[in-house]
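Chemist: Sharing a structure with you now.
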Amino acid sequence: MQAIRALFALASVATLVLTSTPARAAEGKSGVALKLVVTNLTAPSVLTDFDGKRMLVAEQVGPIHLMTPDGKLAPFADFTSKLAITPGKFDERGVLGVALHPRFTANRRLYVCYSAPLRAGAPTNWNHTMNVSEFTAKGDALALGSERIVLQIDQPYFNHNGGRICFGPDGFLYLGVGDGGHKNDINKDDADKARGPRGNGQNLNTLLGKIVRIDVDKPAAGRLYGIPMDNPFAQGGGRPEIYAWGIRNPWGMSFDRGGQRELFEVEVGQSRWEEVNLIVKGGNYGWNLREGAEWFNPKKELAPLDKPYFDPGNAKFIDPIIAYENLAAFPQAGKGKSVTGGYVYRGRALPQLAGKYIFADWSKHFSLPQGVLYAATRGGDGKWRMDDLVPESHATGHLGAFVWAFGEDKDGELYVLTNQTGALGTKSGKIWKLVKAGN
Ligand SMILES: [Ca+2]
């Protein structure tokens, strides 16, 4: 299991125990606290508004709940029987994305991205198939039988799926897709080649390693979606669904609901850099030629190159707005091990966070629950700065939990979705709301 070894190699590199000494913001305490809203979940992966009064909360292992603001849950759907996952283990598969159609109130359509068993006709020995499916809600429940599979992407390994979906201000559906999961996104030997070609990030003939954009309102011949006319390869040159490429593992993607309505995405790095990116149409985000703002070395991932490992011609690359050191390569300066994407804060309760991109590192330690929150601020010169965001409720600096995901409610207030074990099975998952400290 090459992919699994690649993944857990991270854990063995950093065996040091960190004493967490977060630098507080110069101006003092954050004024932010985490208020516990829900307990007893497994691994909560998505939280999004439902009808202004309730939110949808997905667990990666299958159940989707309706949640009231005070944390009462009611069943909405259960994808358990539709998933290819290993409950109880670390797993990157499951229910990964939920998005309501922009006109959901009228048409009751919503979209779920999940990891299904490998479909018939998929390449032999591959791991599973990622489905993006449309469903119709009936009252306060989703009818699984209403499923219409919109898009399927076969996945060679269990990891690096991405699977975050969201509608843009243009009304199109955006999907983040990881590179397939093989360490360094390369072939190592003939056995590997049985799982398909590598270099997926830069290969324009696969949807692996891409940000995808489709039009679910204009089905085209033979499929349930149309291609936006201005997609970069709508007229040829690559898969027409591609919006941006050079992506490794997008564990978080969201549009800013204010400002310029920009698309924020995070990239879980291989070993050196964890990234936050602003995604633009036609952008090449570098993987696997670049990690952070360096030339990546796919044969020796801890030793960056001084030039690209193959000639990219006149390709232009977009570097991240934030790149922070991974503890695997930077035992002293490292800020974490795996970035978790969040949202630009546009709520009212926490004016000190207005316009900042709130995100997290999954944990400072692969096997201990030491997730940390960060805030990125755009300076007057357009450059972004990253600061610790230490909730006063968790003054040791880390949350005592793995940070699985973030959610946003109708008012733009943010939620942090956590779990104590880093695995899917136990009921240690919690939902916290970011609130004003002292309330
Ligand atoms: Ca990149």
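Chemist: Among the residues of the range 258-275, which ones are out of contact with any Phe, Trp or Tyr (no Cβ under 8 Å at 6 or more places or on another chain), more than 11 Å from the ligand (Cβ to nearest atom) and closer than 18 Å to residue 289 by Cβ?
Modeler: 271
Chemist: Additional query: Find all pairs meeting these conditions: Cβ atoms under 9 angstrom apart; at least six residues apart or on different chains; first residue within the range 393-405 and under 17 Å from residue 41 (Cα atoms); second residue charged (D, E, K, R) and open to solvent by less than 30 Å² (accessible area, probe 1.4 Å).
Modeler: Qualifying pairs under 9 Å: 403/361; 405/164.
Chemist: Mind counting the residues in the range 321-348 that are assigned to a loop (DSSP other than H, G, I, E, B), among the hydrophobic types (A, V, I, L, M, F, W, C) and more than 16 Å from the ligand (Cβ to nearest atom)? Working first, answer last.
Modeler: Of the residues in the range 321-348, the ones assigned to a loop (DSSP other than H, G, I, E, B) are 321, 327-335, 337-338, 345-348.
Those still in the list that are among the hydrophobic types (A, V, I, L, M, F, W, C) too: 321, 327-330, 333.
Now drop any that are not more than 16 Å from the ligand (Cβ to nearest atom), which leaves 327-328, 330, 333.
Result for the range 321-348: 4.
For (1) part of a loop (DSSP other than H, G, I, E, B); (2) open to solvent by less than 40 Å² (accessible area, probe 1.4 Å); (3) without any contact (Cβ under 8 Å) to a residue 24 or more places away in the chain, each residue gets a yes or a no:
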{"position": "277", "(1), (2), (3)": "no, yes, no"}
{"position": "281", "(1), (2), (3)": "yes, no, no"}
{"position": "302", "(1), (2), (3)": "yes, no, no"}
{"position": "319", "(1), (2), (3)": "yes, no, no"}
{"position": "355", "(1), (2), (3)": "yes, yes, no"}
{"position": "363", "(1), (2), (3)": "yes, yes, no"}
{"position": "370", "(1), (2), (3)": "yes, yes, no"}
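Chemist: Is there a residue in the range 398-413 that is within 26 Å of residue 87 (Cβ to Cβ) and surrounded by fewer than 19 Cβ atoms within 10 Å (Cβ to Cβ)?
Modeler: Yes: one or more hits.
Chemist: Okay, moving on. Restricting attention to the range 214-223, does a residue exist that is within 16 Å of the ligand (Cβ to nearest atom) and not in a loop (DSSP other than H, G, I, E, B)?
Modeler: no
Chemist: Got at least one residue in the range 238-247 being free of Cβ contacts under 8 Å to residues at least 40 places away in the same chain, more than 16 Å from the ligand (Cβ to nearest atom), farther than 23 Å from residue 321 by Cβ and not basic (Lys, Arg)?
Modeler: So far as the range 238-247 goes, yes, one or more of its residues are free of Cβ contacts under 8 Å to residues at least 40 places away in the same chain, more than 16 Å from the ligand (Cβ to nearest atom), farther than 23 Å from residue 321 by Cβ and not basic (Lys, Arg).
Chemist: Here's another thing I want to ask about it. In the range 285-300, what residues are of a type outside the set (Phe, Trp, Tyr) and either within 15 Å of the ligand (Cβ to nearest atom) or open to solvent by less than 20 Å² (accessible area, probe 1.4 Å) (or both)?
Modeler: Once the filter is applied, which keeps residues that are of a type outside the set (Phe, Trp, Tyr) and either within 15 Å of the ligand (Cβ to nearest atom) or open to solvent by less than 20 Å² (accessible area, probe 1.4 Å) (or both), the range 285-300 yields 286, 288, 289, 290, 291, 292, 293, 294, 297, 298.
Chemist: If we keep just the residues of the range 114-163 that are within 22 Å of residue 209 (Cβ to Cβ), of a type in the set (A, V, I, L, M) and surrounded by 15 or more Cβ atoms within 10 Å (Cβ to Cβ), which is farthest from the chain's Cα centre (by Cα)?
Modeler: Here the answer is 122.
The values are calculated or read from the model by the stated rules, or taken from the named source; none is laboratory data. A quick note: this is a predicted structure, and the numbers were derived from the prediction, not measured. Virtual Cβ from ideal backbone geometry, glycine too; neighbours counted across all protein chains shown. Ligands, DNA and RNA are stripped out before the accessible areas are found, and what is left, the full protein with its side chains, is counted by its heavy atoms. Shrake-Rupley method; radii C 1.70, N 1.55, O 1.52, S 1.80 Å.
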